[in-house]
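First the structure, in the form of structure tokens, and then the observations on it.
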Amino acid sequence: DLSSNKITNLPSDFWSLGSLKVLNLSFNEISENLPSNIGNFGLLESLDISFNNFSGNIPEGISSLTSLQVLNLQHNGFQSSIPPRILNCKSIVSMDFSRNQLHGSLPEGFAAAFPKLESLNIAGNQIQGRGSDFSGMVSVTFLNISRNLFRGSVVDIFRGPLEVIDLSHNQYILK
């Protein structure tokens, strides 16, 4: 846990600590691209780099983190789409991409790819899609997709065990 330390950058050899299971770098001042060798953390179960200034793309290397259960990238400056290979991380229970500058659509098969996913927050981006993009989510209890560019009907979203849902500031209709 290196959270809240005013860290501005990380040494290159930091990414070789392959036996880590939990990494918390939240609430620092890191302003660099997340390196592609993040995949070196093959045993990582929880990654929290929220509230920093990471920018650029979310690296494809993140798809190597197949033991990942918690992924928190919120409140950074990521400017890409969500990488399709994230679908390899089937153990994820909680995923937060909110308050970045993500764009494009969710990767095809996104909803069905995460059978254990309980919490999804992608609020405050520029992500496009339809309600049907979420129809395969069977375990999600918390869903926040507010402040994006989703449109169409919301009917397909209301399946499964949802307890909290925020669809505000999109382009949905009820039908």
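A few notes on this one:
- Taking the listed residues F142, F97, the one that is open to solvent by less than 50 Å² (accessible area, probe 1.4 Å), at pLDDT 95 or above and of a type in the set (F, W, Y) is F97, with no other qualifying.
- Residue list for segment 1-20, filter: open to solvent by 70 Å² or more (accessible area, probe 1.4 Å) and touching a strand residue (DSSP E or B) at 6+ places or on another chain (Cβ under 7 Å): D1
- Residue list for segment 70-88, filter: surrounded by fewer than 18 Cβ atoms within 10 Å (Cβ to Cβ) and not in a helix (DSSP H, G or I): G77, Q79, S80, P83
- Candidates are the residues of segment 82-139 that are closer than 30 Å to L43 by Cβ and of a type in the set (K, R); the one that is nearest to the chain's Cα centre (by Cα) is R99.
- Any hit, segment 149-157, residues being buried (at least 20 other Cβ atoms within 10 Å of the Cβ) and not in a helix (DSSP H, G or I): yes
- The set of residues in segment 97-148 that are in contact with a Pro (Cβ under 8 Å, 6 or more places away or on another chain) and closer than 16 Å to V164 by Cα comprises V138, S139, V140, T141.
- So I58, is it closer than 29 Å to V164 by Cα and either surrounded by fewer than 20 Cβ atoms within 10 Å (Cβ to Cβ) or at pLDDT below 95 (or both): no
- Of the residues making up segment 100-137, those that are open to solvent by 60 Å² or more (accessible area, probe 1.4 Å) and closer than 20 Å to S80 by Cβ are Q101, H103, S105, E108, Q126, Q128.
- Tally, over segment 24-37, of residues that are hydroxyl-bearing (S, T, Y) and open to solvent by 60 Å² or more (accessible area, probe 1.4 Å): 2
- Of the candidates N28, N52, N37, N9, the single residue that is within 23 Å of S81 (Cβ to Cβ) and either in a loop (DSSP other than H, G, I, E, B) or modelled with pLDDT of 95 or more (or both) is N52.
- With respect to (1) more than 20 Å from L102 (Cα to Cα); (2) open to solvent by less than 70 Å² (accessible area, probe 1.4 Å); (3) free of Cβ contacts under 8 Å to residues at least 40 places away in the same chain, the lone exception for N40 is condition (2).
The values are calculated or read from the model by the stated rules, or taken from the named source; none is laboratory data. Values in this document were obtained by computation on a predicted structure and should not be read as measured data. Quick reminder, even Gly has a Cβ in these numbers, built from the backbone with ideal geometry, and neighbours come from all protein chains shown. Only protein heavy atoms, including side chains, enter the accessible area calculation; ligands, DNA and RNA are left aside. Shrake-Rupley method; radii C 1.70, N 1.55, O 1.52, S 1.80 Å.
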